[in-house]
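Quick notes on the structure that follows.
The values are calculated or read from the model by the stated rules, or taken from the named source; none is laboratory data. No experiment lies behind these values; they were computed from the predicted model shown. FYI the Cβ positions are ideal-geometry reconstructions off the backbone, even for glycines, and counts take in every protein chain you see. For the accessible areas, the whole protein counts, side chains as well, though only heavy atoms, and no ligand, DNA or RNA atoms are used. Shrake-Rupley method; radii C 1.70, N 1.55, O 1.52, S 1.80 Å.
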Amino acid sequence: MSNLFRLLGRRLISLPLVAFGVVFLVFFLMSFSQYDPAVTALGENASAEQLAAYRHDMGFDKPWYEQFFVYLSGLCRGNLGTYGVNMDQVSVRISQAFPITVQLTLISLLIAVVFSVIFGVLAALYRDTWVDQLIRLISIISIATPSFWLGVLMIYVLQIKLAWLPGSGEFIPFSEDPAAYFARMAMPAFSLGLPVAGQMTRIIRTSMVEELDKDYVRTAIGAGIPKNVVIARNVFRNALITPVTVLGMKIGYLMGGAIITEIIFALPGMGTALFEGINGNEPILVQGVVLVVALAFVFINVIVDMLYVLINPKIREV
């Protein structure tokens, strides 16, 4: 157990360094933008003196490294900057959008995990049968289906043609109307989670097959232990080690894909905020959205590392 805490300590020590690297990289890349915040705030009709005064007051006339440390100090206080003519707070906009993106990501992840575990295990238990072949075909089709294309197709069929589900419209929180909430989130979550479900199904099937072919499984079954018990207690848990590792990367993929999916389904999440920033020439808002998503990905990978350790006891002895 002490080894587990040492591994956790190393992850927590490296986390601030990685977070600092992400902040620096995002800020450095955004510094190459040709955008002039003074023109955006004051308008194109502002005089040169007014523009110069605004840049001086906001610190935009300083070298980029000085601006970075000012931005970093503000970031430590939760200040991500302002954008727009009304000088709206980026942190306020993100606090409204980020929970929606997290909800969409979690629902998509739940769909992907449930489908992949069920079909991956079935494919492994009935390998080389028609069940396995059918699941392989479905997973390949799922992997080859782009989320944005599936989303547009679902809107056309389920919303426009059949009027079964709302593909766009006002977002209703879960606390106000759970049925309307899930009806609104069903199509974007399914279109986002289906490709990941196909990929994870293949990975779980391969891991299960490898475990089922190991000697300890045959020895346990030969000793009289029921096959279902061996599969549930040993095979399934050991087979989850590789999928959980891959799942960390897939969570980042889901969060990144959620940005495009939100634009398609008009969900007021991080994707919509990013689109507003790009469309309105607001790199401060774009920078804040990209930064928060990148940091969330870093934190998620730390959590996945911990889950990997809990699932695989051998790592605890490192």
Residue that is open to solvent by 40 Å² or more (accessible area, probe 1.4 Å) and of a type in the set (S, T, N, Q), where the choices are 95, 108: 95
Meets criteria (of a type in the set (Gly, Ala, Ser), open to solvent by less than 70 Å² (accessible area, probe 1.4 Å) and assigned to a helix (DSSP H, G or I)) for residue 193: yes
Can you find even one residue in region 275-285 that is more than 14 Å from the chain's Cα centre (by Cα), among the β-branched types (Val, Ile, Thr), closer than 25 Å to residue 187 by Cβ and at pLDDT 80 or above? no
Residue pairs within 6 Å by beta carbon, gap of at least six or interchain, first lying in region 133-146 and in contact (Cβ under 8 Å) with a residue 12 or more places away in the chain and under 11 Å from residue 119 (Cα atoms), second in a helix (DSSP H, G or I) and of a type outside the set (A, V, I, L, M), listed first then second, are 135/119; 139/198; 139/201; 139/202
Identify all residues within region 51-92 that are in contact (Cβ under 8 Å) with a residue 24 or more places away in the chain and among the small types (Gly, Ala, Ser); write none if there are none. 81, 84, 91
Could you please find all residues in region 225-240 being closer than 18 Å to residue 123 by Cβ and of a type in the set (A, V, I, L, M, F, W, C)? 231, 232, 235, 236, 239, 240
Name the single residue, out of those in region 93-132 being polar (S, T, N, Q) and touching a residue at least 24 places away in the same chain (Cβ under 8 Å), that is farthest from residue 288 (Cα to Cα). 116
Is it true that some residue in region 277-288 is free of Cβ contacts under 8 Å to residues at least 60 places away in the same chain and open to solvent by 20 Å² or more (accessible area, probe 1.4 Å)? yes
Which numbered condition in (1) open to solvent by less than 80 Å² (accessible area, probe 1.4 Å); (2) out of contact with any Asp or Glu (no Cβ under 8 Å at 6 or more places or on another chain) is the only one that residue 130 fails? (1)
Extreme residue, surrounded by the most Cβ atoms within 10 Å (Cβ to Cβ), among residues of region 146-167 that are out of contact with any helix residue (DSSP H, G or I) (no Cβ under 6 Å at 6 or more places or on another chain) and part of a loop (DSSP other than H, G, I, E, B): 146
Among the helices (runs of 4 or more DSSP H) lying completely within region 217-278, list those that include at least 2 residues that are within 23 Å of residue 196 (Cα to Cα) and touching a Ser or Thr at 6+ places or on another chain (Cβ under 6 Å). 241-265
When you scan region 145-163, do you find a residue that is farther than 27 Å from residue 268 by Cα and touching a Gly at 6+ places or on another chain (Cβ under 7 Å), even just one? no
Residues in region 250-276 that are under 17 Å from residue 30 (Cβ atoms) and buried (at least 24 other Cβ atoms within 10 Å of the Cβ) total 2
Taking region 62-92 and keeping only residues that are at pLDDT below 75 and either farther than 17 Å from residue 283 by Cβ or open to solvent by 50 Å² or more (accessible area, probe 1.4 Å) (or both), one is left with 85, 86, 87
Looking at this structure, is residue 292 of a type in the set (Val, Ile, Thr), more than 30 Å from residue 215 (Cα to Cα) and in contact (Cβ under 8 Å) with a residue 60 or more places away in the chain? yes
Cβ pairs under 7 Å, 6+ apart, first in region 194-215 and under 12 Å from residue 125 (Cα atoms), second open to solvent by 30 Å² or more (accessible area, probe 1.4 Å) and not basic (Lys, Arg): 204/117; 207/242; 211/238
I'd like the residue in region 199-208 that is open to solvent by 20 Å² or more (accessible area, probe 1.4 Å) and of a type outside the set (D, E, K, R) and, out of all such residues, is nearest to residue 132 (Cα to Cα). 206
